[in-house]
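Enquirer: Before we start, here is the structure in question, set down as structure tokens.
The values are calculated or read from the model by the stated rules, or taken from the named source; none is laboratory data. Predicted model only: the values in this text are computed from it and were never measured. Positions of Cβ are generated from backbone atoms using ideal geometry, with glycine treated the same way; all protein chains shown enter the neighbour counts.
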Amino acid sequence: MSSRLLRITEQEWQAKARASRFRVKALARSVGVSPRTLERHIASQFKVCPVEWLYGLRMALAKEMLLEGYTVKETSNAACYKDPSNFAKAYKRHYGTSPHWSPMTQS
């Protein structure tokens with residue numbers, strides 16, 4: 001395992017994931033390792049595969065943005081979804097409620 005990967009903090013991982021648009025290959029490039037090395041590292045550190053970990057980060061970002069009052073369209077763009085309806089489906093699958101009517105976004 002690359003020692004440089006071990007020096008990256010969880011907050012730095014999250015920032016790099018967002019900058020890589022939540023894509024495994026782009027994230028691997030950004031930290032200078034192969035996608036397979038990244039896969040082994042994330043499995044070791046976060047106990048999930050990279051795709052699941054990145055998906056969880058996307059959904060956490062979305063939840064946070066909706067709580068802050070961002071629109072579904074703004075949130076879907078920030079979470080790197082091309083289509084807000086695809087984002088809404090993913091959000092509902094993950095949280096069990098639509099981002100439009102989520103009690104988390106109500107005042």
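Enquirer: Given the options Asn86, Asn77, name the one that is free of Cβ contacts under 8 Å to residues at least 60 places away in the same chain, surrounded by 14 or more Cβ atoms within 10 Å (Cβ to Cβ), outside any loop (DSSP other than H, G, I, E, B) and polar (S, T, N, Q).
Expert: On inspection, the qualifying residue turns out to be Asn77.
Enquirer: Quick one: how many residues across the stretch 35-52 are free of Cβ contacts under 8 Å to residues at least 12 places away in the same chain and either among the acidic types (Asp, Glu) or touching a Phe, Trp or Tyr at 6+ places or on another chain (Cβ under 7 Å) (or both)?
Expert: Within the stretch 35-52, residues that are free of Cβ contacts under 8 Å to residues at least 12 places away in the same chain and either among the acidic types (Asp, Glu) or touching a Phe, Trp or Tyr at 6+ places or on another chain (Cβ under 7 Å) (or both) number 3.
Enquirer: Go through the stretch 6-39 and give me each residue that's polar (S, T, N, Q), in a helix (DSSP H, G or I) and more than 13 Å from Trp53 (Cα to Cα).
Expert: Gln11, Ser30, Thr37
Enquirer: Return the residues of the stretch 40-49 that are in a helix (DSSP H, G or I) and either loosely packed, with under 13 Cβ neighbours inside 10 Å or in the same structural domain as Cys80 (by TED's automatic domain parsing) (or both); say none if nothing qualifies.
Expert: Ser44
Enquirer: Of all residues in the stretch 33-86, which are on the phi > 0 side of the Ramachandran plot and touching a Ser or Thr at 6+ places or on another chain (Cβ under 8 Å)?
Expert: Gly69
Enquirer: Something else about it: Assess whether Leu67 counts as being under 17 Å from Gln11 (Cα atoms) and either in contact (Cβ under 8 Å) with a residue 24 or more places away in the chain or exposed (fewer than 14 other Cβ atoms within 10 Å of the Cβ) (or both).
Expert: So Leu67 does not fit the description; no.
Enquirer: Further, regarding this structure: Six or more apart or on different chains, Cβ under 8 Å: which pairs go from a residue in the stretch 1-30 that's under 19 Å from Ala78 (Cα atoms) to one that's among the β-branched types (Val, Ile, Thr)? Could you list them?
Expert: Close Cβ pairs (under 8 Å, with a partner that is among the β-branched types (Val, Ile, Thr)) amount to Lys16/Ile8; Lys16/Val31; Val24/Val51.
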